[in-house]
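Please find one structure pasted underneath; my questions will follow.
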Amino acid sequence: MSPWIFDNRFLRELPGDPDSRNQRRQVTGACWSPVAPTPVASPRLLAYSSEMAASLDLDMDVITSPAMVEALAGNRLLSGMETYATCYGGHQFGQWAGQLGDGRVICLGEVINRAGQRWELQLKGAGPTPYSRRADGRAVLRSSIREFLCSEAMHHLGVPTTRALSLVGTGESVMRDMFYNGNPRAEPGAIVCRVAPSFTRFGHFELPAARGEHALLAQLVNFTIARDFPNLQASPEQRIARWFGEICERTARMVAHWMRVGFVHGVMNTDNMSILGLTIDYGPYGWIDNFDPGWTPNTTDASGRRYCFGRQPEIARWNLGKLAQAVAVLSPDKEELEAGLERYDNIYNAEIGRVFAGKFGLRAWEDEDAKLVGDAFDLMQYAEVDMTEFFRSLARIDVNEPKPQVLQEAFYREDLYGQYSASIDDWLKRYVMRLRRDGEPPQERMARMDRVNPRYVLRNYLAQEAIDLAERGDPSRVQALLEVLRRPYEEQPGCDDFSAKRPDWARHKAGCSMLSCSS
Ligand code: AMP
Ligand code: MG
């Protein structure tokens, strides 16, 4: 029995690979390959998202039932499920990487819920596929916890994202060399069930384009517009450019949200860019603690810093440029594609102005505010100020009597607080002058700021604490974090442990300040 009705359009409407052997290979002329999950030893449901379960019409007793847990581990198929891995390529760290594909993701099909919404389900870590290249198709518990928690945390923050339904321990171990330094160890394995209206990536279009498979590319574009952009209005000549413009707009909005909440994706390769403008593929991502636009959580990126916090808007645009190149052969109007990139710039600039106005509690963004805001970010960087803590404290500044002490909790180092207190004092005087011009009642301003400046984010060390405990067999901290992160903008009494800025021990600890792609 299945609690779901499936309507597997990706399989039905796009060409599949005729070869059904599960062997690593180049797959041409097809968008997907049939492949079944590899069963695991002893699945255990470690956590699930009740909101996502509700969106999929699942009661608690259904999602926790042994049959469902087996399905979420890839050990059994529910009726209507048809399993496959999709074929895509991508630019990794700026270089064309050729075929990549779902190397450890197995799609289960597309559920239509009672509200009529379409949700694709995938198991990440469900075993090898034709796209696994040299790797094992599995995922470790630490990275699965990170993907599970962050997907849901981002959703609750209001950031467009793919979602996570469940986190299942496999009861098997996986060998990983976490820092690629010749020290492999056996780690517990896990599987996340991911959910999104579509998991299509820029790389899905880049691969057929790079191979000169133009008919396949056209088919995939038509399919994507029909299934994932049903409201797109355009004449036949303008269809592709309009569609591309829509992707540019969604991507701009997504990145502006990342900059608002202090999220660093860490691997913005084109195969990790969603066509729907959703945050996708939570790997070596991180959250800004002390404000630093040059910070990247990804050790593989440490030398080039291509994917550091401050460069995300520029990299997203670069990735869109690659998508534009891929679909250019189908578009009669090249200038219209260029206009899509301009739309990215315009939307991003408008959005980031709104973001800054919101974060600083200004009623509306004015161009002259750039200096005030820029100076604050400079100060935060030089004085090592915690981003999340700073903005919550800033909302509590008294307009008539601004005191730097109100911000003190946001500083990591007392000496820097001392060193910069005069500059902070000066800045605050300018800031309150600006606020007075708005004349908004303080309580209203604070409430408005608190709606865009989260109290709780998935700080790197918090995720690591939950991982350490779960690796010892206790997933309770994962569940506790998920619970707090459901209401990230509300002060939650008794939850100070989840908002505290990074403790000293976490400053240089693996998993807390630096992560590798090994997962
Ligand atoms: P990522 O850096 O996670 O976006 O992954 C890049 C590519 O490597 C994708 O095609 C993944 O499917 C593949 N990949 C990553 N880890 C594994 C793994 N353990 N087994 C198979 N494929 C993997
Ligand atoms: Mg990926």
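Would you pick out the residues in region 127-159 that are β-branched (Val, Ile, Thr) and part of a helix (DSSP H, G or I)?
Residue satisfying the conditions is Ile145 alone.
Also, I was wondering about something else. I need a count of the residues in region 168-186 that are assigned to a strand (DSSP E or B), away from ligand 1 (no atom under 13 Å from the Cβ) and in contact with a Ser or Thr (Cβ under 6 Å, 6 or more places away or on another chain).
Residues flagged as assigned to a strand (DSSP E or B), away from ligand 1 (no atom under 13 Å from the Cβ) and in contact with a Ser or Thr (Cβ under 6 Å, 6 or more places away or on another chain) within region 168-186 amount to 2.
Moving on. Please tell me if Asp136 is away from ligand 2 (no atom under 15 Å from the Cβ), free of Cβ contacts under 8 Å to residues at least 60 places away in the same chain and not assigned by TED's automatic domain parsing to the domain that holds Val478. Break it down into steps so the answer makes sense when it comes.
Working: away from ligand 2 (no atom under 15 Å from the Cβ): yes; free of Cβ contacts under 8 Å to residues at least 60 places away in the same chain: yes; not assigned by TED's automatic domain parsing to the domain that holds Val478: yes.
Answer is yes for this residue.
Search region 268-281 for residues being out of contact with any Phe, Trp or Tyr (no Cβ under 8 Å at 6 or more places or on another chain) and within 14 Å of ligand 2 (Cβ to nearest atom), and hand back the single one that is nearest to Trp119 (Cα to Cα).
That would be Leu278.
Still on this model: Working only within region 323-344, note down all residues that are of a type in the set (D, E, K, R) and outside any helix (DSSP H, G or I).
Matches in region 323-344: Asp333 only.
Still on this structure, I have one more. Could you pull out every one of the helices (runs of 4 or more DSSP H) wholly within region 39-126 that has 1 or more residues that are of a type in the set (D, E, K, R) and touching a residue at least 12 places away in the same chain (Cβ under 8 Å)?
Here the list reads 50-55, 66-72.
From the list His265, His257, which one is more than 16 Å from ligand 2 (Cβ to nearest atom) and either touching a Phe, Trp or Tyr at 6+ places or on another chain (Cβ under 8 Å) or farther than 21 Å from Ala506 by Cα (or both)? Walk me through it before giving the result.
Working: His265 fails: more than 16 Å from ligand 2 (Cβ to nearest atom).
After ruling out the rest, the residue left standing is His257.
Let me ask something else. On the given criteria, is Ala67 closer than 15 Å to Val168 by Cβ and surrounded by 15 or more Cβ atoms within 10 Å (Cβ to Cβ)?
no
Another question about this same structure. Among (1) within 12 Å of ligand 1 (Cβ to nearest atom); (2) under 20 Å from the mean Cα position of the chain (by Cα); (3) on the phi < 0 side of the Ramachandran plot, there is one condition Gly189 misses while meeting the rest; what is its number?
It is condition (2) that Gly189 fails.
Could you check region 121-164 and list, in sequence order, the residues that are among the acidic types (Asp, Glu) and surrounded by fewer than 21 Cβ atoms within 10 Å (Cβ to Cβ)?
Correct list: Asp136 only.
Let me ask another. Given the residues Tyr456, Tyr420, which is the only one that is over 24 Å from Gly353 (Cβ atoms) and part of a loop (DSSP other than H, G, I, E, B)?
Values: Tyr420 fails: part of a loop (DSSP other than H, G, I, E, B).
Answer to the check: Tyr456.
Just to verify a result, which residue in region 307-322, among those that are part of a helix (DSSP H, G or I) and within 16 Å of ligand 2 (Cβ to nearest atom), is nearest to Met254 (Cα to Cα)?
Applying the filter and picking the extreme gives Ala316.
Please determine, by comparing only the residues of region 67-92 that are within 26 Å of Gln312 (Cα to Cα) and touching a Lys or Arg at 6+ places or on another chain (Cβ under 6 Å), which one is nearest to ligand 1 (Cβ to nearest atom). Working first, answer last.
Within region 67-92, the first condition is being within 26 Å of Gln312 (Cα to Cα), and the residues that meet it are 87-92.
Subsequent filtering for residues that are touching a Lys or Arg at 6+ places or on another chain (Cβ under 6 Å) retains 88, 91.
On the way: Tyr88: 8, His91: 12 Å.
Among those that are within 26 Å of Gln312 (Cα to Cα) and touching a Lys or Arg at 6+ places or on another chain (Cβ under 6 Å), it is Tyr88.
Also, quick follow-up: Please state which one of Gly340, Gly321, Gly374 is in contact with a Phe, Trp or Tyr (Cβ under 9 Å, 6 or more places away or on another chain), modelled with pLDDT of 95 or more and either in the same structural domain as Tyr417 (by TED's automatic domain parsing) or of a type outside the set (Phe, Trp, Tyr) (or both).
Unique residue meeting the criteria: Gly340.
Regarding Arg239, is this residue away from ligand 1 (no atom under 16 Å from the Cβ) and surrounded by fewer than 19 Cβ atoms within 10 Å (Cβ to Cβ)?
Against the criterion (away from ligand 1 (no atom under 16 Å from the Cβ) and surrounded by fewer than 19 Cβ atoms within 10 Å (Cβ to Cβ)), Arg239 does not qualify.
Could you count how many residues in region 282-300 are within 16 Å of ligand 2 (Cβ to nearest atom) and either assigned by TED's automatic domain parsing to the domain that holds Ala153 or surrounded by fewer than 22 Cβ atoms within 10 Å (Cβ to Cβ) (or both)?
Residues flagged as within 16 Å of ligand 2 (Cβ to nearest atom) and either assigned by TED's automatic domain parsing to the domain that holds Ala153 or surrounded by fewer than 22 Cβ atoms within 10 Å (Cβ to Cβ) (or both) within region 282-300 amount to 2.
Among the numbered conditions (1) in contact with a strand residue (DSSP E or B) (Cβ under 9 Å, 6 or more places away or on another chain); (2) closer than 26 Å to Arg305 by Cβ, tell me where Pro475 comes up short.
So the condition that Pro475 fails would be (2).
The values are calculated or read from the model by the stated rules, or taken from the named source; none is laboratory data. Owing to the predicted nature of the structure, the values given are computational and were not obtained by experimental measurement. Note that we place each Cβ from the backbone using ideal geometry, even for glycine, and neighbour counts take in every protein chain shown.
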